[in-house]
Amino acid sequence: MWSSVVEKAGHMKNETSKSLEQIREAKRTDPDVNLYILLNQARNIIYNAVEAELKHLSTSHSQITILTILSRENKPVTLDELANWSQKDFSSVFTLIRRMEKKGLVKRIKKTGEAKTFITITRKGSLLYLQKVSERSIHLIFDKLSAEEKKQLDITLRNLRDYTRDMLGLDFRPPFL
């Protein structure tokens, strides 16, 4: 009797091993998962290249992202807008803005009659972003792509971003607002 229990257990273990191997192989060859891994690797390595370029400025990638947004908008924006644009949570952006304020890169302002606080780039922040951030690493990396490849990548990434935002309900506005 004991030998049949051991035999059954061995058979179940072999079946489980085969099943796990089949699942592992399916996951390993899943084109969507492989695209995600590739996208994540590309994003991380490009991010690291930009970080290396920014190191001499004693400024973080997150701070440069905020300065980029403020410089592009060329008008004061709310913390909610900064959080949405940078894809960071509100509390992280709030903390980041406080640090940047202490460095004199941004300032918070209140507009008359508005409950919201707006953030604007200071002259020091503008000089840092416009004169010292060359974005050379970005240009060197993306110069590898042809104009057509850049256009297609732009379309593809926008489609993925917009679909995912929609899927997560990030842009949902109740009809009564």
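When only alpha carbons are used to place a centre, the range 18-93 and the range 134-177 end up 11 Å from one another. Listed by chain and number, the lysines whose C-alpha is less than 24 Å from the C-alpha of LYS27, apart from same-chain residues fewer than 8 away, are LYS13, LYS18. One chain, two ends: HIS61 and LYS132. Fully extended at 0.36 nm per residue, the span grows by 24.2 nm beyond their Cα-Cα distance.
When the chain is modelled as a GNM with alpha-carbon springs shorter than 10 Å, which of GLU148, GLU101, GLU53 fluctuates the most? Largest GNM mean-square fluctuation: GLU148. Can you list the aspartates and glutamates whose alpha carbon sits under 14 Å from that of LYS116, skipping same-chain ones fewer than 8 residues off? The reachable aspartates and glutamates, counting only those whose Cα sits under 14 Å from LYS116, are ASP80, GLU81. With a cap of 16 neighbouring Cβ atoms within 10 Å, and only residues DSSP puts in a loop, list the chymotrypsin sites (Phe, Trp or Tyr not before Pro) found in the range 90-177. Filter output for the range 90-177: PHE172, PHE176. Of the residues ILE66, ILE119, ILE109, the one that moves most in a GNM of the chain with alpha-carbon contacts below 10 Å is ILE109.
Note on ALA115 and THR95: the model spin-label points, each 7 Å out from Cα along the C-beta direction, lie 2.6 nm apart. For the chain, modelled as a GNM whose springs connect Cα atoms under 10 angstrom apart, the maximal fluctuation among ILE69, ILE23, ILE97 occurs at ILE23. Axis angle, to the nearest 10 degrees, between helix 90-102 and the longest C-alpha principal axis of the chain: 40 degrees. In plain terms, if you count all Cα to Cα distances in the chain and split them into 10 Å steps from zero, the share in each step is 8, 23, 27, 18, 10, 7, 5, 2, 0 percent.
Sites counted here are trypsin sites (Lys or Arg not before Pro) in a DSSP loop (not H, G, I, E or B) having no more than 16 other Cβ atoms within 10 Å; the longest part of the chain that contains none of them is 1-102.
FYI, it's all coordinate maths here, none of it is from the lab. Everything numeric in this text was worked out from a predicted model, so none of it was measured. FYI the Cβ positions are ideal-geometry reconstructions off the backbone, even for glycines, and counts take in every protein chain you see.
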